[in-house]
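Everything on this sheet refers to the single structure shown next.
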Amino acid sequence: MKAAARADSPRALLAFQRTLQRAITQPLGPGDRTRRTTAALAKEFIRPNDRLTALERIEIYNRMYWFRLIDCFYDDNPGLRAALGERKFERLMRAYLAKNPSRSFTLRNLCDRLERFIRAEPRWTAPRTALAADIAAFEWAQTCAFDEAAKPALTAADFAGTPPSRLKLALQPHITLLALRYPVDDYVIAVKKRDALRAEASNATGQAKTAKAVKKVSVPRAARTHLAVHRADNRLFYKRLDPAPFRILGALRDGAPLTRAVAAGGRSVKPEQVQAWFALWTELGWLCRRAT
Amino acid sequence: MPANAFNGHTDYGIGIGLRVPHYSHILERKPDVAWFEIISENFMVGGGRPLEVLDQILEQYRVVQHGVSMYFGSADKPDRTHLKKLKALVKRTKTPWLSDHLCWGSTDGRYTHDLLPMPYTFAAAKKTAEKIRMVRDFLEVPICVENVSSYAEFHASEMTEWEFLTEVTERADCGILLDVNNIYVSSKNHSFDPYDYINGVPAHRVGQMHIAGHTKFEKYILDTHDHPVLDPVWKLYTHATKRCGVTATLLEWDDRIPSFDEVHNEALKANAFIAEAKEAAK
Ligand SMILES: [Fe+2]
């Protein structure tokens, strides 16, 4: 028996776990060659019993690993699934998960690199790559809006009591700003509504056919959209923004001092506009103190 | 054991898991429940509804933290950021003890999100015990480690699972969360006598028990937590109670979750088996 399979020292234990994890996380339904390699490895590490071979025992874990990830990926990306269709969505999922295994103690973060992956490997989503990337960014933003922190919000009194040059502002961690090529907010909301109706129809009649009759949601046409995805009273909201205030918020998010952030709005922005925007953002509780 | 050092000298009785579909029922109806077990990871977040609900629960109920990602048996070092988040939650909940599994599930920072069985070797026991001690010292709360259900056994193993559990917990001087259903599931999958298991663990270390339902397949049993507790598991629970004393017990129901009352009533069935165990002990 090789040292790894003996697990009789700290180093051997690490090698043992690395080898088994590789086998457990291997893509499902591999080709014959991979299956033969796994079978050999399973034999070396795992005892068969009177009902299951060593390979079959490792395959239980292999299946459970993928089902867990697939379930999570489906749950997190209903909009993307609708836009790409079942086959493309599944191919994208397999490609993404093969290159991006979970690096977090929680599956909440499973799709945090999905937008980047879609842009880096457009072949999985072509010709709808831009749309797919927008949707992935929007769906991830919802996860963040759901449970990222909300720090104490700055109030009008805070603004009144501090000279603007000394105000160190930041955006609430639960807010994500998205500059999109497609109005995916309306689209994803429509998809979710449709899915809910389908589930209801199929529950009521017990027939998948009735459920399918629920109206199709067509993919949106390109239209520049600036969006803030955020939380208020523990509910998610999507607020459309004009480009100028969007740029100011973006600068604040990136840590720019107040004057520079306001300048990012552009020359055509009037002081009374800026004042009105800040008043609104304060009311919404979007601004907080920057950690120093 | 009733109250011991491993459950913070508490005597909590019969609790159930706090699950999302029951949130509004619990908050609106305020049912009489001895305690709730929470999955720590679900609340290791920055804010939002999870933490708001938790705070409301904490105002009215006793809460114990149960984790699924500490991986005491993983050869990796524990992640500092993870531990800090967990400690913040421990301070928030004031959990009298904290449990997680005797298993591994990650290597090189990649997570399987599974509870994978250990090779039962002395080297693995020693390494695991060191990690438990380290985590306990950092978190400053008693720890109970839970036996997992498994579908594979390794050539490497130098002892039985219960001997391994004993070796680890003696070395770490920590408690045991005895999952009676997991013992039953593994005993069927690996053809051992579940009573040998229960008779083999150090009873004085048992700080909590788990009961749950499982699913039978043709060639193995899967620990699915989506059913009521099955009769042989109740029998085993009665035996475990006879051996360890009346211990804080929690029913796990994580999939196809029925109404709050159904889950709670299923958990409270334990009372009858506790009475039976007490009667037999007379
Ligand atoms: Fe358990």
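Residue by residue, here is whether (1) more than 21 Å from residue A:286 (Cβ to Cβ); (2) under 19 Å from the mean Cα position of the chain (by Cα); (3) modelled with pLDDT of 85 or more holds:
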{"position": "A:191", "(1), (2), (3)": "yes, yes, yes"}
{"position": "A:211", "(1), (2), (3)": "yes, no, no"}
{"position": "A:215", "(1), (2), (3)": "yes, no, no"}
{"position": "A:239", "(1), (2), (3)": "no, yes, yes"}
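Somewhere in the range A:38-48, is a residue within 8 Å of chain B (Cβ to nearest Cβ), of a type in the set (A, V, I, L, M, F, W, C), in a helix (DSSP H, G or I) and surrounded by 19 or more Cβ atoms within 10 Å (Cβ to Cβ)?
Within the range A:38-48, one or more residues are within 8 Å of chain B (Cβ to nearest Cβ), of a type in the set (A, V, I, L, M, F, W, C), in a helix (DSSP H, G or I) and surrounded by 19 or more Cβ atoms within 10 Å (Cβ to Cβ).
Regarding the range B:235-250, can at least one residue be identified that is within 15 Å of the ligand (Cβ to nearest atom) and surrounded by fewer than 18 Cβ atoms within 10 Å (Cβ to Cβ)? Write out each step before concluding.
To start, the set of residues in the range B:235-250 that are within 15 Å of the ligand (Cβ to nearest atom) comprises B:236-237, B:240, B:247-250.
Now narrow it down to the ones that are surrounded by fewer than 18 Cβ atoms within 10 Å (Cβ to Cβ): none.
No, the conditions are met nowhere in the range B:235-250.
Here are B:100, B:137, B:108: which of them is buried (at least 23 other Cβ atoms within 10 Å of the Cβ) and not hydrophobic (A, V, I, L, M, F, W, C)?
Numbers: B:137 fails: buried (at least 23 other Cβ atoms within 10 Å of the Cβ); B:108 fails: buried (at least 23 other Cβ atoms within 10 Å of the Cβ).
Result: B:100 is the single residue among B:100, B:137, B:108 that is buried (at least 23 other Cβ atoms within 10 Å of the Cβ) and not hydrophobic (A, V, I, L, M, F, W, C).
Please work out which residue is surrounded by the most Cβ atoms within 10 Å (Cβ to Cβ), limiting yourself to the range B:213-234 and to residues that are more than 14 Å from chain A (Cβ to nearest Cβ) and either β-branched (Val, Ile, Thr) or in a helix (DSSP H, G or I) (or both).
Within the range B:213-234, the match that is surrounded by the most Cβ atoms within 10 Å (Cβ to Cβ) is B:229.
I'd like to check something: does the range B:22-38 contain any residue that is within 16 Å of the ligand (Cβ to nearest atom), in contact (Cβ under 8 Å) with a residue 40 or more places away in the chain and either under 30 Å from residue A:15 (Cβ atoms) or aromatic (Phe, Trp, Tyr) (or both)? Don't jump to the end; show me each part of the working.
Taking the range B:22-38 and keeping what is within 16 Å of the ligand (Cβ to nearest atom), we get B:35-38.
Right, trim to in contact (Cβ under 8 Å) with a residue 40 or more places away in the chain and you get B:35, B:37-38.
Applying the additional criterion that residues be either under 30 Å from residue A:15 (Cβ atoms) or aromatic (Phe, Trp, Tyr) (or both) yields B:35.
Looking for residues that are within 16 Å of the ligand (Cβ to nearest atom), in contact (Cβ under 8 Å) with a residue 40 or more places away in the chain and either under 30 Å from residue A:15 (Cβ atoms) or aromatic (Phe, Trp, Tyr) (or both), one finds at least one in the range B:22-38, hence yes.
Restricting to the range A:49-89, what's the tally of residues that are in a loop (DSSP other than H, G, I, E, B) and either away from every other protein chain (no Cβ under 14 Å) or over 21 Å from residue A:22 (Cβ atoms) (or both)? It would help to see each step written out before you state the result.
Taking the range A:49-89 and keeping what is in a loop (DSSP other than H, G, I, E, B), we get A:49-53, A:77, A:85.
Now narrow it down to the ones that are either away from every other protein chain (no Cβ under 14 Å) or over 21 Å from residue A:22 (Cβ atoms) (or both): A:49-51, A:77, A:85.
Summing the residues that are in a loop (DSSP other than H, G, I, E, B) and either away from every other protein chain (no Cβ under 14 Å) or over 21 Å from residue A:22 (Cβ atoms) (or both) in the range A:49-89 gives 5.
Say whether the condition of being surrounded by fewer than 17 Cβ atoms within 10 Å (Cβ to Cβ) and of a type in the set (Gly, Ala, Ser) is met by at least one residue in the range A:280-289.
There is no residue in the range A:280-289 that is surrounded by fewer than 17 Cβ atoms within 10 Å (Cβ to Cβ) and of a type in the set (Gly, Ala, Ser).
Name the residue that is nearest to the other protein chains (Cβ to nearest Cβ), counting only residues in the range B:147-168 that are of a type in the set (S, T, N, Q) and within 16 Å of the ligand (Cβ to nearest atom).
Filtering the range B:147-168 for residues of a type in the set (S, T, N, Q) gives B:147, B:149-150, B:157, B:160, B:166.
Still in the list and also within 16 Å of the ligand (Cβ to nearest atom): B:147, B:149-150.
Numbers: B:147: 17, B:149: 11, B:150: 9 Å.
Among them, the one singled out is B:150.
Just to check your reading of the model, which residue among A:136, A:145, A:132, A:98 is assigned to a helix (DSSP H, G or I), within 13 Å of another protein chain (Cβ to nearest Cβ) and crowded, with 19+ Cβ neighbours inside 10 Å? Steps first, answer last, please.
Values: A:136 fails: within 13 Å of another protein chain (Cβ to nearest Cβ); A:132 fails: within 13 Å of another protein chain (Cβ to nearest Cβ); A:98 fails: crowded, with 19+ Cβ neighbours inside 10 Å.
From the options A:136, A:145, A:132, A:98, the qualifying one is A:145.
The values are calculated or read from the model by the stated rules, or taken from the named source; none is laboratory data. In this text, all values refer to a predicted model and were calculated from it rather than measured experimentally. Counting neighbours? That spans all protein chains shown, and the Cβs are built from the backbone with ideal geometry, glycine included.
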